[in-house]
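Visitor: Got a structure for you, questions after.
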Amino acid sequence: MVAGYGASPESRRRNELRFGALAFLLGLTVFAVDTFTDIESAIAVLYVLVLMLAANALPRAGIVRVGAGCAVLAVLSFLLSHWHDMDVQSALRCGVSLAAILITTALLVRDHLSRALLVRANGALARSEKRYRSMFEQARFSLWEQDFSGVKDALDALRAAGVTDLAAHAQANPGWARGMASLIVTTNVNDATLELLGAADRAEVLGPLERFLPAEDPAMLDALLAIHEGRDRFEGRARLIAADGRVLTVLLGISLPDDGIGFDQVVVGVVDITQRERTQEALLAAQAELARAARAATLGALSASIAHELNQPLGAIVLNAQACLRWLRRDPPDIDTASKAVERMVRDSKRAGEIVQRTRGMLVKDANCDEIIDLPQLVEEAAQLLERELSAGGATLATDFADGVPPVRASRVGLQQVLINLIANGLHAMAETGAEKGAEKGAEMGAGTAQRELTVSVDSPDPAQVRVSVRDRGTGIAEEHRARLFDPFFTTRPDGMGMGLAICRSTVESCGGTLTARNHEEGGAVFEFTIPAAAPPPSPVPSPVPSPTAAPLPAAQED
Ligand code: ADP
């Protein structure tokens, strides 16, 4: 009995007084009966009752004092009533009474201690619950309390039936994951949730979660997998349908009980990122537009510059050629003067070549091949930059990094651009495969997307260089295109510019590397570039490798 705990201080005080008075009276009575009557029995044992009454009114030290007082009274009674005829029996009775008093005091003190701990724990629990409630209510982001016990039971039943691969089960039973959403019951939400969903009151939101989820959302299966695997947390991106039908993109955080119980009150945090996503999309579109415009401007400037600068040497070549013809047609032909004209033509042709070389150099003028770069890390960064393009194309990117790949010395921005170009080209090539297959198989999307995997591997064929391969599972390189792949302006895409691979090769070569292309024996294309390793001590920065300017860019490497 926890007398007085939880009651008001006033009524507790009254209780204490009442129990204190009763204990005092009972103590006096026991003392009187024990001392002044001839009852031959261990009357003093009744002090136990006094102690029990006092325990309701006194703190621990008080109980100990009352216990000591009862013991003293019992001994006093014994001495007063048996002073003259002390015998073993009455001494034993007194001893029994004393033992009872001592044991009871010890038990009451322990009980008191446990009660105090219990009360303290209850208080802490109540305070924690209050804190949680106020955080739940006042949080500026959406919080839901949901009952997942139906889902947990269903998953346990599946496990008992021998289903271990939940993903395969979901694939074999379309609509199963969505059906599980009807077993999740929302039991409470905060005001931020009402605001998020545009709901008028809680009643609109409480109940099965199903109606707020779109028909197809992989997040549901991911959350089920997290529960099935016994994880203590699930985080992911999901979509929600608001009360007015808007589709929201949200980030979900679910704290899952790790002990198998407590699934009836799972807390789910939801952050609305719809606006952020839209801004991001707009930003990416603007960036893509800007990049296109910049490339077009560069090309324009490049063409104008080539045209302007080549005009003069070409004009001189034509004049010298005409003069040469005239000297040769003379009778007799003036071979000496004609030879001089041809020499001038050779000189002007060389100059034209140098102009083309220099103008090409403008394309990669940012290339600062003096940075130490960790290529696996650069690949990860490029993959992150293309995350959206990959998911939009239904493609995945796998990486395969060999151990101990040394850093390279090159231009970070340049190589990043090369990786982005090669990966984007692979995506285009795979999208075309999907379209073809789709057409062949009656637009059966699954067939196309299943193969859409890009693999970027980084290794070091020898200690002096690092090799990066970008392998796609796309159309592959057509035989008739192979020789012109790296030519500027060569493209087979209706919206292509045909500058991507040419610029990639210039960038790689300007940092002392090579870029080649081939078809993979299992289908798709492999674009591979090598870059010199940054060996300690640092080797001198490689100067741009001159490539023959008058000749077209090197052709694709044969398989
Ligand atoms: P663009 O992408 O603007 O066409 P690029 O220079 O990047 O310019 O590519 C030139 C051409 O090379 C492409 O139009 C395409 O025909 C071919 N190509 C590039 N990458 C691949 C690839 N991964 N698979 C097949 N063909 C490719």
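Visitor: Straight-line reach only, C-alpha to C-alpha below 16 angstrom: list the aspartates and glutamates that Lys340 could link to, leaving out same-chain residues fewer than 8 apart.
Guide: Here the aspartates and glutamates satisfying the reach criterion relative to Lys340 are Asp348.
Visitor: Relative to the longest principal axis of the chain, what angle (0 to 90°, nearest 10) does the C-alpha long axis of helix 9-36 take?
Guide: 40
Visitor: A further question follows. State the percentage of accessible surface on the chain attributable to carbon and sulfur atoms; use a 1.4 Å probe and exclude ligands, DNA and RNA. All intermediate terms of the calculation are to be shown ahead of the outcome.
Guide: Numbers: 18560 of 31250 Å².
Whole-percent figure for carbon plus sulfur exposure: 59.
Visitor: What accessible area per residue comes out for the chain, rounded to a whole number of Å², with a 1.4 Å probe?
Guide: On the way: 31250 Å² over 559 residues.
Result: 56 Å² of accessible area for each residue.
Visitor: Where does each of 332-343, 478-489, 139-150 land if you order them by average Cβ count within 10 Å, highest first?
Guide: Values: 332-343: 13.3, 478-489: 15.7, 139-150: 18.2.
The packing order, highest mean first, is 139-150, 478-489, 332-343.
Visitor: Considering the options Ala74, Leu58, Leu92, tell which one lies farthest towards the positive end of the dipole of the stretch 1-100, charges being +1 on Lys and Arg and -1 on Asp and Glu at the Cβ, about the Cα centre.
Guide: So the residue we want is Leu58.
Visitor: While we're on this one: Which of the aspartates and glutamates could a cross-linker bridge to Lys350, judged by Cα under 19 Å and excluding same-chain residues fewer than eight apart?
Guide: The reachable aspartates and glutamates, counting only those whose Cα sits under 19 Å from Lys350, are Glu309.
Visitor: May I ask you to derive the relative contact order of the chain, considering only C-alpha pairs under 8 Å and at least 6 residues apart, and to give it as an integer percent? Numbers along the way, then the final one.
Guide: Details: 784 pairs, mean separation 44.9, N = 559.
This gives 8 percent for the chain.
Visitor: Another question, then. Give the residue from Phe263, Gly230, Val250 lying farthest towards the positive end of the charge dipole for the stretch 228-267; charges sit on Cβ (+1 for Lys and Arg, -1 for Asp and Glu) and the dipole is referred to the Cα centre.
Guide: Projecting each Cα onto the dipole axis, the largest value belongs to Val250.
Visitor: Continuing with this model, one more query. Provide the solvent-accessible area of Met345, counting protein heavy atoms only and rolling a 1.4 Å probe, rounded to the nearest 10 Å².
Guide: 50
Visitor: So if we plug the beta-carbon distance of Glu432 and Glu343 into 1/(1 + (r/R0)^6) with R0 = 60 Å, what FRET efficiency do we get, rounded to 0.05? Each step should come with its number before you reach the end.
Guide: Values: r = 51 Å, r/R0 = 0.85.
Approximately 0.70, to the nearest 0.05.
Visitor: Can I ask one more? Helix 500-510 against the longest principal axis of the chain: what's the angle in degrees, Cα atoms only, rounded to the nearest 10?
Guide: The angle comes out near 90 degrees.
Visitor: Right, something else. Taking only DSSP H segments of four or more residues, each worth -39500 (n - 2.57), what value at 222 nm results for the chain once the sum is divided by all its residues, to the nearest 500 deg cm²/dmol?
Guide: -18500 deg cm²/dmol
Visitor: Over the stretch 106-216, what relative contact order in percent results from Cα pairs under 8 Å that are six or more residues apart?
Guide: On the way: 87 pairs, mean separation 33.2, N = 111.
Taking the mean separation of contacting Cα pairs over the length of the stretch 106-216, I get 30 percent.
Visitor: Next up: Under a point-charge model restricted to the Cβ atoms of Lys and Arg (+1) and Asp and Glu (-1), what is the dipole moment magnitude of the chain relative to its Cα centre, in debye to the nearest 20?
Guide: Values: 54 positive and 69 negative charges, 315 e Å.
So the dipole magnitude of the chain works out to roughly 1520 debye.
Visitor: So what is the diffusion coefficient of the chain in µm² per second by Stokes-Einstein at 25 °C and 0.890 mPa s, using a Kirkwood Rh over Cα pairs?
Guide: Working: Rh = 33.0 Å.
Result for D is 74 µm²/s.
Visitor: Next question, about the same structure. List the Cys residues of the chain that have no partner Cys with a C-beta closer than 4.7 Å.
Guide: Lacking a cysteine Cβ partner under 4.7 Å: Cys70, Cys94, Cys324, Cys504.
Visitor: A further question follows. Which is farthest toward the positive dipole end of the chain among Phe489, Leu375, Ser8, measuring Cα position about the Cα centre, with Cβ charges +1 (Lys, Arg) and -1 (Asp, Glu)?
Guide: The one lying farthest along the dipole's positive direction is Ser8.
Visitor: List the aspartates and glutamates whose alpha-carbon lies under 16 Å from that of Lys130, not counting same-chain residues fewer than 8 positions away?
Guide: Glu145
Visitor: Right, another one. Sequence gap at least 6, Cα distance under 8 Å: using those rules, report the relative contact order of the stretch 1-155 to the nearest whole percent.
Guide: Working: 112 pairs, mean separation 36.1, N = 155.
Relative contact order here is 23 percent.
Visitor: Here's a follow-up. Of all beta bridges DSSP finds with both residues in the chain, what is the antiparallel percent, to the nearest 5?
Guide: On the way: 49 of 55 bridges.
The answer is about 90 percent antiparallel.
The values are calculated or read from the model by the stated rules, or taken from the named source; none is laboratory data. These figures come from a predicted structure and were not determined experimentally. Don't worry about glycine lacking a Cβ; one is built from the backbone with ideal geometry, like all the others, and counts go over all protein chains shown. For the accessible areas, the whole protein counts, side chains as well, though only heavy atoms, and no ligand, DNA or RNA atoms are used. Shrake-Rupley method; radii C 1.70, N 1.55, O 1.52, S 1.80 Å.
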